[in-house]
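The values are calculated or read from the model by the stated rules, or taken from the named source; none is laboratory data. Since the structure is predicted, the reported quantities are computational estimates derived from the model, not experimental observations. Here the Cβ is made from the backbone with ideal geometry for all residues, glycine too, and neighbour counts use every protein chain on show. Remember, those area values only see protein heavy atoms, side chains included, never the ligands or the DNA or RNA. Shrake-Rupley method; radii C 1.70, N 1.55, O 1.52, S 1.80 Å.
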2 protein chains.
Amino acid sequence: MSKSRRTRATIQSAALDLFLEEGYNATTVERISVAAGVSHMTFFRYFRSKDGVLLDDPYDPAIGAAVEEQPGEMVPLERACRGILSAWSDVAEEDLGDVRKRMSIAVGHPQLRARMWENNLATQHVIAEALRTTGVARLEAEVAAGACMGALLVALIDWATAGEGGIGERIQLAMSQLIPDSDVSGRVTRGIAQELP
Amino acid sequence: MSKSRRTRATIQSAALDLFLEEGYNATTVERISVAAGVSHMTFFRYFRSKDGVLLDDPYDPAIGAAVEEQPGEMVPLERACRGILSAWSDVAEEDLGDVRKRMSIAVGHPQLRARMWENNLATQHVIAEALRTTGVARLEAEVAAGACMGALLVALIDWATAGEGGIGERIQLAMSQLIPDSDVSGRVTRGIAQELP
DNA sequence: AACAGAGTTGTTAGTGACTAACATATTGGC
DNA sequence: GCCAATATGTTAGTCACTAACAACTCTGTT
């Protein structure tokens, strides 16, 4: 039970190293497998695909819960935005090194960016479901969720690309554009952001 | 010069037929090529990839122009939304049969959905560039564009999935959620939509 | 009609992602 | 130490996609 976790971690870390050293395309699955001391079959038993080793995240239900916690009087778009803000404010900025490293590899490759979005689709649906608990129609909920995720992805990609700045401020900037009349500050990444346009 | 266009069309239509008859995954490039009377090399000379034959659209600068036409006093998000609305109101509902057919194939396959989004990235950047002409910062512009495209994609996918209803109403519904205080009706798909929530 | 050169297509042989089937280790509980 | 589950390897294959080069087919010119 625990060996499998170890193997998985070994493969993933070997993959990350190789991607950074030699580039994503130049790194074959075979090479990763050898570096990790396994066969390519083992690789595919742990990861659905080559890009999966870089981008597949374990599903996290936190965002859905965070959206549901937002007051129901808010318009769906605002609920979704504030939910996202609240969820991201709970992750410590230090734990994000790995996420950032992986995203910075992905942004340079269109296929990987696309794959990133595919992953976020799941999150989008979770958000939409959370919105529907207050009686919002399906399409409306999906639209609100889709807009938020579109904006969020831009913020995340910008953060991964640029060498400087925190993620909290970017998300705050993004979300505040979708609910411009509201005061959004003070809720995210404790201590970082105060005032925004 | 014109033979190549004919060949291209032949391949694409053969591909569409086969995708519909036997499914996307079950249809090999080899099979498409044979059906079109060419070799697989010719296929790849006309289309970058198997999914390209389904999803690669010729670049259309109309949306960028439509966004730039929107009054500069509007907040970026509203400019983008109205630009999108205006651009889509110019395409006749009858010309959309093919788009819909292709999208309805794509929605069933995660990889193809992702590829669709990849295509839309180009549009997103065009919109962002258009927004920047009034002095909006890069990140702000990208966020606004990203949010709109996120919402738009949901509308398009819903339209392609559902058997009924027009595309105009859906886009209007989507965009009006991003600029809820404004009157958005009467601008899109002449004659279809009047009042919306 | 014959020709030249540009544009288009085919052949072949290869790489790399990914899968199925089956054989073999390895592990953890008894 | 033994047994059943779990983890891994081998092999052989399919399919998307590419490089290199050969062959073909138009078009206009003489």
Sole exception among (1) within 16 Å of DNA strand C (Cβ to nearest atom); (2) within 14 Å of chain B (Cβ to nearest Cβ) for A:ALA80, by number: (1)
Which numbered condition A:PHE47 fails, given (1) crowded, with 20+ Cβ neighbours inside 10 Å; (2) closer than 25 Å to A:ASP158 by Cβ: (2)
Complete set of residues in the range B:83-92 that are open to solvent by 40 Å² or more (accessible area, probe 1.4 Å) and either within 14 Å of another protein chain (Cβ to nearest Cβ) or out of contact with any helix residue (DSSP H, G or I) (no Cβ under 6 Å at 6 or more places or on another chain) (or both): B:ASP90, B:VAL91
Residue that is nearest to the other protein chains (Cβ to nearest Cβ), among those in the range B:1-15 that are open to solvent by 30 Å² or more (accessible area, probe 1.4 Å) and either among the hydrophobic types (A, V, I, L, M, F, W, C) or within 8 Å of DNA strand D (Cβ to nearest atom) (or both): B:ALA9
From B:LEU18, B:LEU55, residue being over 24 Å from B:LEU153 (Cα atoms) and surrounded by 13 or more Cβ atoms within 10 Å (Cβ to Cβ): B:LEU18
Residues that are within 8 Å of DNA strand D (Cβ to nearest atom) and more than 14 Å from every other protein chain (Cβ to nearest Cβ), drawn from the range B:49-76: none
Selection from the range A:21-44 of residues that are more than 8 Å from DNA strand D (Cβ to nearest atom) and open to solvent by 40 Å² or more (accessible area, probe 1.4 Å): A:GLU21, A:GLU22, A:ASN25, A:ALA26, A:THR28, A:GLU30, A:ARG31, A:VAL34, A:ALA35, A:PHE44
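Is it true that some residue in the range A:31-48 is within 14 Å of chain B (Cβ to nearest Cβ) and near DNA strand C (Cβ under 10 Å from one of its atoms)?
Of the range A:31-48, the ones within 14 Å of chain B (Cβ to nearest Cβ) are A:48.
Filter once more, keeping what is near DNA strand C (Cβ under 10 Å from one of its atoms): A:48.
Yes, that holds for at least one residue.
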Within the range B:2-76, helices (runs of 4 or more DSSP H) holding 3 or more residues that are at pLDDT 95 or above and closer than 20 Å to B:HIS125 by Cβ: B:62-69
Residue satisfying all of: in the range B:157-178; open to solvent by 20 Å² or more (accessible area, probe 1.4 Å) and of a type in the set (Gly, Ala, Ser); farthest from A:PRO180 (Cα to Cα) among these: B:GLY163
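I need the full set of residues from the range A:132-150 which are assigned to a helix (DSSP H, G or I) and either facing another protein chain (nearest Cβ under 7 Å) or surrounded by 19 or more Cβ atoms within 10 Å (Cβ to Cβ) (or both), in order please. Give the steps one after another, and end with the answer.
In the first step, residues of the range A:132-150 are kept if they are assigned to a helix (DSSP H, G or I); the result is A:132, A:138-150.
A:LEU139, A:GLU140, A:ALA141, A:GLU142, A:VAL143, A:ALA144, A:ALA145, A:GLY146, A:ALA147, A:CYS148, A:MET149, A:GLY150, listed by residue number.
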